[in-house]
Amino acid sequence: MWLPLLLFCLLVVVALLIAKWQGNHWRRLGLEGPFGWPFVGNMLDFALGRWSYGEVYEEIYRLNPDLKYVAFYRLFNEPAILVRDQELLRQILVGSNFTDCADNALHVDQHRDVLASHNPFIATGDRWRILRGDLVPLFTPSRVRQTLPHLARACQLLREQVPQERFEAKELATRYTLQVVASVVFGLDAHCLSSRKVGETPSRWLEWLAPLFQPSSWSLLETIALLHSPRLAWIIGHRYVPLPLQHWFRDLVEARSGADNLLQWLADSKRTLTKDELTGHATTLLLEGYETSAMLLAFVLYELAINEDKQRRLHMELDEVAQRHDGSLLNQAALAELRYTEAALLEALRLHPAMQALQKLCTKSFTLPSQKSGTGQEFKVDLGTVLVLPVQAIHLDPDLYPEPNQFRPERFFNQPPLGCRFLGFGAGPRMCPGMRLGLLQTKAALATLLQDHSVLLADRDRMEVEVSPCTFLTASKKGIWLRLMKRVT
Ligand code: HEM
């Protein structure tokens, strides 16, 4: 009778001792940071779907103002390092330590996800270098300029579809960016912005791609699998690109049309690509091309709706520039002159970064300075350690941005973001290669929508946008509901 109880108590004591030992991993190595709880580490609120991973990192960043980096524990009590100091961030992203932790810490199975494994964001080591090298030439200023006719056509359709009623901004933005990306990448018409006749089937682009990065009942599990656990990814059979989409993307590559699109430029490039590589690159360009830009367009519309003075300033710029260009904003020169509009986009991305943190993997052991200025010892980072670069926390740090929660495009007006204070597109050799195209397509759409309209909240009493705690890319939980009103001039 007593023996099983005694054994049980003994087991509990042993489990507690192991948990205490594991939760003090960093302290034993002389580093400061919070205690790591069994299974959840310091990410209980994320595991329970209460906070996004960016919010969890933001709190760890905020609670440790004296440390250059915080030794903490990710999910499954995995010891990790959260980097706070600007100089250290620079060294890791751009400087001498880049090669020690160049790979992103993500779990995507190369065999299950053949196409996604071609994405430079997912590829590692020398393979990353080759795959990125294929894509970078597609985004030189002159190449991006050549995409303007595609953008102008999509903007024309957008103008014809300006909603008369309240609308969900992310849904409209996704229809626009999918229309652009189908045209820019494949030379195809995605039929995302044309009025649908009764009985006509909806565009497959919309049907299959619009929900892909949106919150669903699976999102939390999928995000955990992607960021924290290859074992979980295997158990739930997680695919970054679902199988039916992988088949469809192969068909799209076959169906591509015309000479003036990204895929044709890739096919004509110096390195001969295999069919899988070409389809892999098409997948990357498509997936990276629409979602982040659509979210940015939705958020900038929202910020302008709740900051009327900033919207007035932006309208002034649109009017002035249009006047100089015979009423048209959709040409290279006019778009380049929309500097306040561009600053508004950067400021919206600062407040709502698409990726709330960058997570890098240490692939070659290197040394960090002491955690506090002037005291303590250097620390050797071991192979396999994850380094978290908390983008959202940095963007909302009052020491870097006074009154950080205020939407102030002036912060970036005529002064592009410097150093690692702004990581909306990452920084250094791994920085987003599609930044120019992403900014150009959102800027063209914003100018198209606001040239003749003002944007307002659909419901004046619903000021806050709730961010989903479950998704990998920032997404709103219940949508961003707005209204467009014809401007009176
Ligand atoms: C507003 C729109 C966009 C935002 C906010 C954005 C943001 C980002 C961020 C934060 C990264 C990670 C950088 C890092 O790891 O340091 C990234 C990587 C990447 N982005 Fe974008 N992006 C946007 C548009 C685009 C577009 C339009 C394309 C291409 C069509 C694109 C292609 C890529 C690729 C291929 C990578 C992986 C780069 C690498 O790891 O070498 N992005 N993007």
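Go through 440-449, 10-19 and give me the packing order, highest mean Cβ count within 10 Å leading. If you can, show how the numbers build up before the last one.
Details: 440-449: 25.1, 10-19: 10.9.
Final packing ranking: 440-449, 10-19.
Please give the direction-averaged projected area of the C-alpha convex hull for the chain, in square nanometres with one decimal. Can you show the working numbers first?
Working: hull surface 110.4 nm².
Dividing the Cα hull surface by four gives the mean projection, 27.6 nm².
In straight Cα distance, which lysines are under 28 Å from K477, not counting same-chain residues fewer than 8 positions off?
K170, K310, K360, K443
Roughly speaking, to the nearest percent, how much of region 2-486's 1.4 Å accessible area is carbon and sulfur?
About 57 percent, which is the carbon plus sulfur part of the accessible surface.
So how do 321-333, 414-426 stack up, highest first, on mean other-Cβ count within 10 Å? Please report the intermediate quantities before stating the final value.
On the way: 321-333: 13.9, 414-426: 16.7.
For the peptides 321-333, 414-426, the packing ranking is 414-426, 321-333.
Just the accessible area per residue of the chain, please: how many Å² with a 1.4 Å probe? Could you put the intermediate results ahead of the total?
Working: 22770 Å² over 489 residues.
I get 47 Å² per residue for the chain.
Putting +1 on Lys and Arg Cβ atoms and -1 on Asp and Glu Cβ atoms, find which of L329, S203, T147 reaches farthest to the positive end of the dipole of the chain.
T147
Quote to one decimal, in nm, the extra length available between D326 and L212 on full extension: 0.36 nm per residue of separation minus the C-alpha distance between them. Can you show the working numbers first?
Numbers: separation 114, 0.36 × 114 = 41.04 nm, distance 4.01 nm.
Full extension of this stretch gives 37.0 nm more.
Quick check: from the Cα gyration tensor, does region 2-93 come out rounded (a/c under 1.5), prolate or oblate? Don't skip to the answer; put the middle values down first.
Details: a/c = 3.65, a/b = 2.04, b/c = 1.79.
Prolate is the answer for region 2-93, as a/c is 1.5 or above and a/b outweighs b/c.
Going toward the positive end of the dipole of region 2-486, with +1 on Lys and Arg Cβ and -1 on Asp and Glu Cβ, which of A19, A427, V388 do you reach last?
A19
Among residues other than L387 whose Cβ falls under 15 Å from its Cβ, what is the net charge (Lys/Arg +1, Asp/Glu -1)? If you can, show how the numbers build up before the last one.
Values: positive: K68, R74, R84, R90, K360, K364, K380, R430; negative: E78, D85, E87, D100, D103, D382.
Result for the neighbourhood of L387: +2.
If we sort 477-483, 127-133 on the protection proxy, mean other Cβ atoms within 10 Å, highest first, what's the order?
Ranked by mean Cβ neighbours within 10 Å, highest first: 477-483, 127-133.
Ignoring everything but the protein chains, give the 1.4 Å probe accessible area of R62 in square angstrom, nearest 10.
Accessible area, nearest 10 Å²: 140 Å².
Which value, in debye to the nearest 20, describes the size of the charge dipole of the chain about its Cα centre when Lys and Arg Cβ atoms bear +1, Asp and Glu Cβ atoms bear -1, and nothing else is charged? Working shown, then result.
Values: 53 positive and 52 negative charges, 92 e Å.
Rounded to the nearest 20 debye, it is 440 debye.
Could you go through region 280-293 in sequence order and give the Karplus-derived ³J(HN,Hα) for each residue, using 6.51 cos²θ - 1.76 cosθ + 1.60 with θ = phi - 60°, rounded to whole Hz, and x for Gly and Pro?
For region 280-293, the Karplus curve yields x, 5, 4, 4, 4, 5, 6, 5, 6, x, 9, 6, 5, 5 Hz.
Residues with amide H under 5 Å of Q356's amide H, sequence separation 5 or more or different chain, H placed in the peptide plane at 1.01 Å from N; which?
Correct list: T474.
Compute the helix-to-body angle for 53-63: its Cα long axis versus the longest principal axis of the chain, expressed 0 to 90° and rounded to tens.
60 degrees
Any idea of R239's accessible area? Nearest 10 Å², probe 1.4 Å.
Using a 1.4 Å probe on the heavy atoms, I get roughly 80 Å².
So for the pair Q22, Q377, with labels modelled 7 Å out along Cα→Cβ, what separation do we get in nm?
2.6 nm
Dipole magnitude of region 170-269 about its Cα centre, charges +1 at Lys/Arg Cβ and -1 at Asp/Glu Cβ only, in debye to the nearest 20? Spell out each step's value before the answer.
Values: 9 positive and 9 negative charges, 58 e Å.
Dipole about the Cα centre, nearest 20: 280 debye.
Leaving ligands, DNA and RNA out of it, work out the accessible area of V114 with a 1.4 Å probe and give it in Å² to the nearest 10.
50 Å²
Give me the one-decimal nm value for the distance between modelled label points at D309 and W265, 7 Å along each residue's Cα-to-Cβ direction.
Taking the simple label geometry, D309 and W265 are separated by 4.1 nm.
The values are calculated or read from the model by the stated rules, or taken from the named source; none is laboratory data. Since the model is a prediction, treat every value here as computed from it, not as a measurement. Every residue, glycine as well, gets a Cβ built from its backbone with ideal geometry; the counts of neighbours run over all protein chains shown. To get the accessible areas, we keep the full protein, side chains included, count just its heavy atoms, and leave off ligands, DNA and RNA. Shrake-Rupley method; radii C 1.70, N 1.55, O 1.52, S 1.80 Å.
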